Amino acid sequence: MAKAKGLFVTFEGGEGAGKTTQIKLLSEYIQSKYAQDVVETREPGGTPGAEKIRNLIIQKEGVDWTPLSETLMFFAARHIHVENLIKPALDTGKIILCDRFTDSTRTYQSYGHGLDPQTIETINDITLNGFEPDLTFIIDLDVVTGLKRAKSRLQNDNSGEDRYESLNVEFHERLHKGFLEIAENNPQRCRVIDGSGSIEQLSLQIQSEFDKLWAEHHNG
Ligand code: Z5A
């Protein structure tokens, strides 16, 4: 596959790990240090159609999604997002910072909800044909601290998005294990960041990893 002009960076981790916070900080850093256009986006969502699918998946009460139907909806939203926003932005040299991507499907739908991992990889191949991020930050935080942070964040907004936080601690422990296994199996792409540090400490580590990627991309 031809190398895109821009860079695609994703942020993964359990609830309340600090992804949204770190995306904003890295975006400011890139714009000020490299004078580069940055697109901040999220999954599910990121385009009008994909945001509609997000509402279907996350906000509806009393639905009867199966793990497979939910996975197909995540990939439907992802296909729109990649084709209509991410690839066109990469083609014009932009840096994309995305809150969650396919690793969240691997963890939530497989480690969490028990869907066969091979089914996810088959759908991924059909939908994205090998398209993966250039770099993935996995923010690693113990489950109880993450859920406390996510709950306090939810009390301060009115999005109504609490469906996943309400699942039990064992579910979140399985996600935690899943993210670490993905990092272990993809050392080229993934960097695990210790989420228990201060916002500033995490941000400095993330900046340093981004600088390395930038240097490789421009010199390599
Ligand atoms: N999902 C799925 O199942 N399958 C998929 O394929 C995809 C998604 C793509 C939506 O995700 C849901 O969809 C998600 C998985 C599922 N499940 N849930 N819930 P989301 O990303 O929109 O929602 P989230 O994971 O719950 O995000 P979050 O709670 O907003 O967490 P965050 O972005 O990682 O954290 P934050 O907002 O930056 O920080 C949370 C709070 O902690 C906030 O008050 C911060 O000020 C504070 N914070 C942040 N960093 C620190 C540090 N270092 N120290 C202390 N306090 C901190």
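Summary table below
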quantity: Positions within region 15-43 being of a type in the set (S, T, N, Q), surrounded by fewer than 21 Cβ atoms within 10 Å (Cβ to Cβ) and either within 11 Å of the ligand (Cβ to nearest atom) or without any contact (Cβ under 8 Å) to a residue 12 or more places away in the chain (or both), in sequence order; calculated: Thr20, Thr21, Gln31, Ser32
quantity: Residue list for region 164-195, filter: surrounded by 13 or more Cβ atoms within 10 Å (Cβ to Cβ), assigned to a loop (DSSP other than H, G, I, E, B) and within 14 Å of the ligand (Cβ to nearest atom); calculated: Tyr164, Glu165, Leu167, Gly195
quantity: Qualifying residue in region 44-61 (condition: among the basic types (Lys, Arg), loosely packed, with under 13 Cβ neighbours inside 10 Å and over 19 Å from Thr105 (Cβ atoms)); calculated: no
quantity: Verdict on Ile86 being β-branched (Val, Ile, Thr), away from the ligand (no atom under 14 Å from the Cβ) and out of contact with any Pro (no Cβ under 7 Å at 6 or more places or on another chain); calculated: no
quantity: Residue within region 131-142 that is under 18 Å from the mean Cα position of the chain (by Cα), open to solvent by 70 Å² or more (accessible area, probe 1.4 Å) and at pLDDT 95 or above present; calculated: no
quantity: Test set (1) without any contact (Cβ under 8 Å) to a residue 24 or more places away in the chain; (2) in a helix (DSSP H, G or I) - Ile58 fails condition number; calculated: (1)
quantity: Hits in region 98-122 - residues which are within 18 Å of the chain's Cα centre (by Cα), more than 23 Å from Thr20 (Cα to Cα) and among the hydrophobic types (A, V, I, L, M, F, W, C); calculated: Ile120
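The values are calculated or read from the model by the stated rules, or taken from the named source; none is laboratory data. A quick note: this is a predicted structure, and the numbers were derived from the prediction, not measured. Don't worry about glycine lacking a Cβ; one is built from the backbone with ideal geometry, like all the others, and counts go over all protein chains shown. Just so you know, the surface numbers come from the protein's heavy atoms only, side chains and all, with ligands and any DNA or RNA stripped out. Shrake-Rupley method; radii C 1.70, N 1.55, O 1.52, S 1.80 Å.
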